[in-house]
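Inspection log for the structure reproduced underneath, given as C-alpha cells.
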Amino acid sequence: MKKFIYLLSLISSISLSADDVQFEDFFNELSDIATKNKLNIDYTPGNISIIKGETLRNLGIAYISADTLDILPGFDNGFSRSSMDASKYVIMIDGMALNSQFSGVNIYPHIATKSIKRIEVIRGPSSALYGANAFTAMVNIVTNKSDSSIWMDHHIISDSNHQNSVGGMLNIAEDDYKFGLRYNYINTDGSDSTITQDAGSLAGEVSYTPQKLNNSMTNYNVGIDFGYKDFKIKYARQYYDSAEGIGMSGIYLPPKTDDYKVHDYTEVYEFSYRSIIDDWTIDLKAGGMFYSIKLDDGYVLPLGNQAYRISMDYSERNFYVEGEASTEVGSHQLLFGSRLFHSNLYHSEYETTFNPGTSEVYDTLTNIGKVVPNVTRRTKSLWFQDVYDLNSQLTIIGNLRYDKIDDIDEDVFSPRLAVVYNINDRHIIKAQYAGAFRSPVFLLLYSDGSKSIVSGYPQTGLDKSHNYELSYIFKSSDSTMKSTLYYTDMYKVHSYIQEGSITNEYNNKLQTSGLELEYLTKFNNVTLELNGAYNFYSNLKYYGPSLYEDTVTSFPEITGNILLEASIIKEVSASIWYHYKSPVKQFYSNIENDEDHLLNIGLNYYAQGLTITLSVSDLFDQQSNYVVPNNAYKNDELIYNQRKLGIGLSYNF
C-alpha cells in the first residue's frame, strides 16, 4: 500500500506544462453503449471507460482476459465495484452478448489486442437497456474494421514454459461492400508456479503437493464481418482447451497431468438491417449463440484415499429477434425497442466417482444420469428511452424496460433516471438512479441435489439491485478529471446450502459504497492516466434459517492504476502500467490473497508498417494463503511467480 501511495504522490507532484496541441479528439471519446445514441462519454448517463487496443498492445499484452479490465477503476480480476461474482456483468463482442444461461459465466473471448479497436465499459448497471445480467457492468469489445495486418507474440514465462500467439486480420471496403476477417491462435504450456501446500495437505487429507501448477492452454478465435449498404452480418467463434490448473474447487491441487481437461466452444452470430423511414430510424436484428463446455475426468477434491472426479458435458443454444425504432421530437430523442429471446439447454451428460445423494464411491467414472434436465427459457422484452435536452446545459435521460421470463414466471421492470448538467463545458455534474436484475441460471434452478454437490431450487427468484451514482467531471484543454460516488444495494441474491438432507435458501443482501477517481492528461509527448477506487463500506448478510454476517467474504478496499505512455523519439515509444490491490478474501472459499502489485513495461519501435514490441510483465510475486476452517494455521508459502519476457511483431499492409 505504501508503494502505491508513494508512486501516486511522486507522479502527481510533477509540474506539467501543456503544449499548443489541441486535445479535442484525444479527450472527447464518443460511444453509443449507454444510450444507443452516439454521444460524448462525459455527457452520457453513468460512467463509461474506454480501453484502446493500441494501449494494451504497446504494453505487450497479446490477448484479452478477465485481468485486462484491471486497468480500470473498480475492477480487479474481472470483479466490478466489489460485485458478488464476475458473472453479474455482460460481455459483448461487437454488440453480441457472450453470457451463458446455464451457469451464468462470462465467456471471455481471447481476442488478440492487435485486432481490437477499443473496449467500452459501463461501470454500473445497464438492465434498463440490456436486460438480465447487466447487473453491475457492461463490457463491449469493438474489433478493428479498418486495418489489415499480421502479428506474432512470444512470451517466456520460465526456462521451460512459453506462450505463443499468431494471427492476422484483413479488412476490405469497396463501394457499398465491406468485408472483414480476423484469426488468432494462442498456445501456452503453463507456468512454473509451485504449490507447496493446499487445503488438502493443511487439513490432513490426500494431497498432491508440492507440485507445479499446470495452466497450459490452447485457443483459437475467428471473426467475420460482411456489410452491404445497410445490411450486416457478424460472426465470431472461439475454441478453448485448458488443463485443470488449481482444480475446480479452487483450493485443491489436482494430480499431475499434461492432458487438457476443459474444452470450451462458443459461437455467436447476428444479422442486422437498418432502414430510415421519414424521421424514423428502424434497426432489425436476429442472431444467436451456441455454447458448449466439457470437462474430462476433472479433479474436484480428495475423498478418503482417492480423488473425487467428474466428467460433464453441457451444451446450450440461444436465439433472439430484436427491433428498435428511434426518432427526434423537438428536444426529445426517443427510442422504442422489443426483443424475443429463446434459450435452450439441450444436451447434458454427467459422470462421477462419487454420488453425493447416496454417498456411493465408484472405482471409475460412472454415469449417474442427468444432473440438469433439458430446459428452455423464453424472455419477452419491451423498452423505452427518452433523452430530453431541457436546455443547452441540462439533459434528462429516462428509461424503462419490461422483461417477462417464462420458466420462472417473473415480470420485472428496470428503470433508469439520469441527469447531466453541463455547467460551462469545463465542469459537468451527473447523477443517476438505476434498477438492475439478474435471472437465475439453469444450474441453480434445476440441478438434481441427489446427484450433485450443487442442489437446485426451482423457487429461485431474481437477483435485484438499486444503484445510485453522483459524478463530477472537470475538463481543460490538456486534462480531464472524473470522480464518482456510488452506492449499491443488492438484495434477493440467492444461494443454497445443503444441510443434511435439507436444502436451505439464503437470500444474500449486499450493500456497498465507494469512490472512483480518474485523472488523464497529455503534456509534450507523454500521456498519463491515474485512476483508483476506494470501497469504504461493504455489508454482506445471509438471510436464511438464521441471520449471520459473512466473516470470510470481504472486498479489496483499494484498487489503483498508473498508466504512462511516452513517445521517446519518432520511432520509439514506451508504456508502463502499475496496478495495486489491497488484501482480499475470495468469495465462497478459504483463500486469502495478500496485497497485490502488478507492473508491466513495454518498449515499441515503429518502422514503415512494422512494429516491434519488447515487454516484461508481472514483475511482482502474488501470494495466496489457504485458511482451513477451525485451524489457526495458514499457508504463507503459496507464491505465484509468472514473470514474462515478451517480444511482439506486427506488420500493417
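Extension gain, D230 to D176: 0.36 nm times the residue separation minus the Cα-Cα distance gives 18.5 nm. Placing a pseudo-label 7 Å from each Cα along the Cα-to-Cβ vector at Y269 and S538 gives an inter-label distance of 4.3 nm. Placing a label point 7 Å from the Cα of N187 along the Cα-to-Cβ direction, the residues of the stretch 164-180 whose backbone N falls under 19 Å from that point are 164-168. Full extension of the chain between K38 and E205 gives 54.4 nm of extra length, using 0.36 nm per residue less the Cα-Cα distance. Remark: the stretch 256-314 carries 49 Å² of accessible area per residue (probe radius 1.4 Å; ligands, DNA and RNA excluded).
Computed 3J(HN,Hα) for the stretch 405-419, one whole-Hz value per residue from the Karplus formula 6.51 cos²θ - 1.76 cosθ + 1.60 where θ = phi - 60°, is 10, 6, 5, 10, 6, 10, 10, 9, 10, 10, x, 8, 9, 9, 10, glycine and proline marked x.
The alpha carbons of the stretch 258-362 give a radius of gyration and a Dmax of 23.5, 75 Å, in that order.
Annotation: L603 carries an accessible surface of approximately 80 Å², with a 1.4 Å probe and no ligand, DNA or RNA atoms counted. Label-to-label distance, Y468 versus Y260, with points set 7 angstrom from Cα along the beta-carbon direction: 5.0 nm. Here's how it looks for G449: its modeled amide H is under 5 Å from those of G456, which are all 5 or more places away or on a different chain.
Each of G357, Y346, S392 was placed along the dipole of the stretch 331-420 (beta-carbon charges, centred on the mean Cα), and the one lying farthest toward the positive end is S392.
Could you sort I150, I368, I612 by accessible area so the largest value comes first, with the probe set to 1.4 Å? Before the final figure, lay out each step's value.
Values: I150 95, I368 25, I612 50 Å².
Of I150, I368, I612, the descending order of accessible area is I150, I612, I368.
Computed from the C-beta positions of Q511 and I429 and an R0 of 25 Å, the FRET efficiency is 0.55 to the nearest 0.05.
Accessible area per residue (1.4 Å probe, heavy atoms of protein chains only) ranks D241, D198 as D241, D198, with the largest value leading.
Leaving out ligands and nucleic acids, and using a 1.4 Å probe, what accessible area per residue does the stretch 358-459 come to in Å²?
Details: 4810 Å² over 102 residues.
Value for the stretch 358-459: 47 Å² per residue.
On a per residue basis, the convex hull of the C-alpha atoms belonging to the stretch 334-476 measures out at 158 Å³.
Each of F336 and D411 was given a label point 7 Å from its Cα along the Cα-to-Cβ line. The distance between the two points is 2.0 nm. The slack in the chain from A566 to N652, taken as 0.36 nm per residue of separation less the alpha-carbon distance, amounts to 28.8 nm.
The values are calculated or read from the model by the stated rules, or taken from the named source; none is laboratory data. Model, not experiment: these values are computed from the prediction. Using ideal geometry, Cβ is built from the backbone for each residue, glycine included, and neighbour counts are taken over all protein chains shown. Only protein heavy atoms, including side chains, enter the accessible area calculation; ligands, DNA and RNA are left aside. Shrake-Rupley method; radii C 1.70, N 1.55, O 1.52, S 1.80 Å.
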